[in-house]
Amino acid sequence: MATEGTKFQVNYKLADGTLVNLYAATVQELETGLADLAMNATNIKATGTDLNTARVAGHPAPPTAESIADAFNATGVAAPQPASVNAAGGVHQCRHGEMAFRSGTSAKGPWKGYMCAAPKGAMDKCDTIWVR
């Protein structure tokens, strides 16, 4: 982490998203740090790969509100969301199933739209149908 004495900062972002940061107070520290990074580049890449593989393969997806409610035998108290009904009276569908109506307020103001049923982060998630 950069401190008050940091005069040099070098940041690398690997293809897999791994971040490597080098901080130095002197040119000599910077040169030594760069040499150390070069000697350990293979280990840094391998560790990033190992950690990413373990994260994806070894850990389940984050819990959903429903799974937490089930674990505690709880009942939700949120107001029901409007049905995903389109202008023709049908349900908004995508290749993943019924789209969910969502609304909120951002820095740009209120928004609302129908969201794809695919899990968050899915590569093939469908585009949102925005309501104007």
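The values are calculated or read from the model by the stated rules, or taken from the named source; none is laboratory data. Everything numeric in this text was worked out from a predicted model, so none of it was measured. Quick reminder, even Gly has a Cβ in these numbers, built from the backbone with ideal geometry, and neighbours come from all protein chains shown.
If I filter segment 9-54 down to residues being part of a loop (DSSP other than H, G, I, E, B) and aliphatic (A, V, I, L, M), which single residue comes out as modelled with the lowest pLDDT? Talk me through it step by step, then tell me what you get.
Looking only at segment 9-54, we keep the residues that are part of a loop (DSSP other than H, G, I, E, B), and these are 14-18, 25-26, 40.
Pick out the ones that are also aliphatic (A, V, I, L, M) and you get 14-15, 25.
On the way: Leu14: 73, Ala15: 70, Ala25: 89.
Among residues in segment 9-54 that are part of a loop (DSSP other than H, G, I, E, B) and aliphatic (A, V, I, L, M), the one modelled with the lowest pLDDT is Ala15.
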- [ ] Go through segment 104-122 residue by residue and tally those that are in contact (Cβ under 8 Å) with a residue 12 or more places away in the chain and of a type in the set (Ser, Thr, Tyr).
- [x] 1
Open item on the list: Just to verify a result, which residue in segment 11-33, among those that are among the hydrophobic types (A, V, I, L, M, F, W, C) and in contact with a Gly (Cβ under 8 Å, 6 or more places away or on another chain), is nearest to Ile44 (Cα to Cα)?
Closed with: Leu14
